Amino acid sequence: MIRAKLTKGLKTGTMSMGSLFDDEKYKLTNGNRCTYCGTEESLTLDHFVPRIIGGLDTGDNLVPACRSCNSSKGKSDVLEWYQRKEEFPPLMVIRRYLKITVEMAQTAGILDFPIDSKEVQDLPISVKAIPTERFPLTSELSL
Ligand SMILES: [Zn+2]
(Lines give C-alpha, C1' and ligand atoms only; values in the text may rest on other atoms or scores of the structure.)
Protein backbone atom coordinates (compact mmCIF):
# COMPACT_ATOMS: atom_id res chain seq x y z
CA MET A 1 0.00 0.00 0.00
CA ILE A 2 2.70 2.49 1.00
CA ARG A 3 4.89 1.36 -1.91
CA ALA A 4 2.01 1.79 -4.40
CA LYS A 5 1.29 5.27 -3.02
CA LEU A 6 4.97 6.23 -3.27
CA THR A 7 5.26 4.86 -6.83
CA LYS A 8 2.18 6.84 -7.89
CA GLY A 9 3.53 9.95 -6.18
CA LEU A 10 6.91 9.61 -7.84
CA LYS A 11 5.31 9.13 -11.25
CA THR A 12 2.96 12.10 -10.91
CA GLY A 13 5.58 14.33 -9.31
CA THR A 14 3.61 14.88 -6.11
CA MET A 15 6.26 13.02 -4.09
CA SER A 16 10.02 12.81 -4.29
CA MET A 17 12.73 10.65 -2.80
CA GLY A 18 14.23 12.19 0.30
CA SER A 19 17.89 13.06 0.40
CA LEU A 20 20.42 10.90 2.16
CA PHE A 21 21.06 13.83 4.53
CA ASP A 22 20.32 11.81 7.68
CA ASP A 23 22.62 9.01 6.53
CA GLU A 24 25.39 11.47 5.69
CA LYS A 25 24.93 13.22 9.05
CA TYR A 26 25.17 9.87 10.82
CA LYS A 27 28.43 9.11 9.02
CA LEU A 28 29.92 12.47 10.03
CA THR A 29 28.86 12.29 13.68
CA ASN A 30 29.77 8.65 14.27
CA GLY A 31 33.24 8.61 12.82
CA ASN A 32 34.20 7.57 9.37
CA ARG A 33 33.29 3.91 9.09
CA CYS A 34 33.09 1.32 6.37
CA THR A 35 29.59 1.49 4.86
CA TYR A 36 29.47 -2.29 4.60
CA CYS A 37 30.99 -3.66 7.82
CA GLY A 38 31.39 -0.65 10.11
CA THR A 39 35.14 -0.90 10.76
CA GLU A 40 37.22 2.28 11.01
CA GLU A 41 40.35 0.58 9.68
CA SER A 42 41.96 1.04 6.25
CA LEU A 43 39.22 3.12 4.70
CA THR A 44 39.04 3.80 0.98
CA LEU A 45 36.44 5.49 -1.19
CA ASP A 46 34.14 3.04 -2.98
CA HIS A 47 31.69 3.48 -5.81
CA PHE A 48 28.50 1.98 -4.33
CA VAL A 49 27.40 1.06 -7.86
CA PRO A 50 30.74 0.29 -9.52
CA ARG A 51 31.73 2.69 -12.30
CA ILE A 52 32.52 -0.21 -14.60
CA ILE A 53 28.84 -1.22 -14.62
CA GLY A 54 27.42 2.30 -14.86
CA GLY A 55 27.78 3.86 -11.40
CA LEU A 56 28.28 7.62 -11.36
CA ASP A 57 30.81 9.91 -9.68
CA THR A 58 28.14 11.43 -7.44
CA GLY A 59 28.05 11.97 -3.69
CA ASP A 60 25.24 9.43 -3.30
CA ASN A 61 27.32 6.80 -5.10
CA LEU A 62 30.59 7.36 -3.22
CA VAL A 63 30.89 5.75 0.20
CA PRO A 64 33.70 4.95 2.64
CA ALA A 65 34.64 1.28 2.55
CA CYS A 66 37.47 -0.66 4.16
CA ARG A 67 40.02 -2.24 1.83
CA SER A 68 38.71 -5.71 2.64
CA CYS A 69 35.08 -4.96 1.72
CA ASN A 70 36.09 -2.84 -1.28
CA SER A 71 38.27 -5.65 -2.60
CA SER A 72 35.75 -8.40 -1.83
CA LYS A 73 32.82 -6.47 -3.37
CA GLY A 74 34.86 -5.56 -6.44
CA LYS A 75 32.54 -4.86 -9.37
CA SER A 76 29.68 -6.83 -7.84
CA ASP A 77 26.21 -5.49 -7.23
CA VAL A 78 26.29 -4.66 -3.51
CA LEU A 79 23.06 -6.52 -2.63
CA GLU A 80 24.13 -9.61 -4.59
CA TRP A 81 27.46 -9.41 -2.75
CA TYR A 82 25.62 -9.50 0.62
CA GLN A 83 23.52 -12.43 -0.65
CA ARG A 84 26.69 -14.38 -1.54
CA LYS A 85 28.02 -13.70 1.96
CA GLU A 86 24.63 -14.79 3.36
CA GLU A 87 24.37 -11.53 5.32
CA PHE A 88 21.43 -9.16 5.47
CA PRO A 89 22.61 -5.69 4.35
CA PRO A 90 22.68 -2.76 6.80
CA LEU A 91 19.61 -0.52 6.56
CA MET A 92 21.61 2.44 5.23
CA VAL A 93 22.91 0.24 2.40
CA ILE A 94 19.33 -0.68 1.46
CA ARG A 95 18.20 2.97 1.68
CA ARG A 96 21.06 4.12 -0.56
CA TYR A 97 20.38 1.28 -3.01
CA LEU A 98 16.67 2.15 -3.21
CA LYS A 99 17.40 5.83 -3.78
CA ILE A 100 19.91 5.13 -6.56
CA THR A 101 17.50 2.59 -8.10
CA VAL A 102 14.63 5.08 -8.21
CA GLU A 103 16.89 7.80 -9.62
CA MET A 104 18.14 5.49 -12.37
CA ALA A 105 14.60 4.33 -13.19
CA GLN A 106 13.33 7.94 -13.27
CA THR A 107 16.21 9.03 -15.51
CA ALA A 108 15.50 6.12 -17.85
CA GLY A 109 11.75 6.85 -17.76
CA ILE A 110 10.96 3.31 -16.65
CA LEU A 111 9.75 3.80 -13.08
CA ASP A 112 6.45 2.04 -13.80
CA PHE A 113 7.89 -0.77 -15.93
CA PRO A 114 7.51 -4.35 -14.67
CA ILE A 115 10.46 -5.70 -12.73
CA ASP A 116 10.94 -8.44 -15.35
CA SER A 117 11.03 -6.02 -18.28
CA LYS A 118 14.19 -5.83 -20.37
CA GLU A 119 14.53 -2.12 -19.55
CA VAL A 120 14.59 -2.77 -15.78
CA GLN A 121 16.89 -5.74 -16.20
CA ASP A 122 19.28 -3.52 -18.20
CA LEU A 123 19.74 -1.11 -15.28
CA PRO A 124 23.25 -1.38 -13.76
CA ILE A 125 21.72 -2.61 -10.51
CA SER A 126 19.94 -5.79 -9.58
CA VAL A 127 16.39 -4.77 -8.70
CA LYS A 128 15.51 -8.37 -7.86
CA ALA A 129 18.18 -8.37 -5.13
CA ILE A 130 16.24 -5.79 -3.11
CA PRO A 131 14.92 -7.59 -0.02
CA THR A 132 11.14 -7.84 -0.08
CA GLU A 133 10.49 -10.66 2.39
CA ARG A 134 12.17 -12.55 5.19
CA PHE A 135 13.60 -9.59 7.04
CA PRO A 136 15.61 -10.32 10.18
CA LEU A 137 14.28 -9.28 13.56
CA THR A 138 14.64 -5.57 14.26
CA SER A 139 17.17 -6.37 16.98
CA GLU A 140 19.35 -8.15 14.40
CA LEU A 141 19.41 -5.27 11.89
CA SER A 142 22.33 -2.89 11.64
CA LEU A 143 22.64 0.65 10.33
ZN1 LIG B 1 34.29 -3.12 5.50
Unit charges on C-beta of K, R, D, E only; dipole of the stretch 18-140, Debye
260
Have a look at PHE21, PRO90, VAL78 and report the one farthest towards the positive end of the charge dipole of the chain, computed about the Cα centre with Cβ charges (Lys/Arg +1, Asp/Glu -1).
PHE21
Per residue, how much accessible surface does the chain expose to a 1.4 Å probe? Answer in Å², no decimals.
63
Among GLY55, SER117, ILE100, which residue has its Cα furthest toward the positive end of the charge dipole of the chain, with +1 on Lys/Arg Cβ and -1 on Asp/Glu Cβ?
SER117
0 to 90° range, to nearest 10: angle between helix 2-12 axis and the chain longest Cα axis
70
The stretch 1-136, convex hull of Cα, quarter of hull surface, nm² -> 8.7
The chain, accessible surface, carbon-and-sulfur percent (1.4 angstrom probe):
54
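The values are calculated or read from the model by the stated rules, or taken from the named source; none is laboratory data. As the structure is a prediction and not an experimental result, all values here were calculated from the model. All Cβ positions, even for glycine, are placed from backbone atoms using ideal geometry, and neighbour counts span all protein chains on display. Quick note on the areas: whole protein, heavy atoms, side chains included, nothing else; ligands and nucleic acids left out. Shrake-Rupley method; radii C 1.70, N 1.55, O 1.52, S 1.80 Å.
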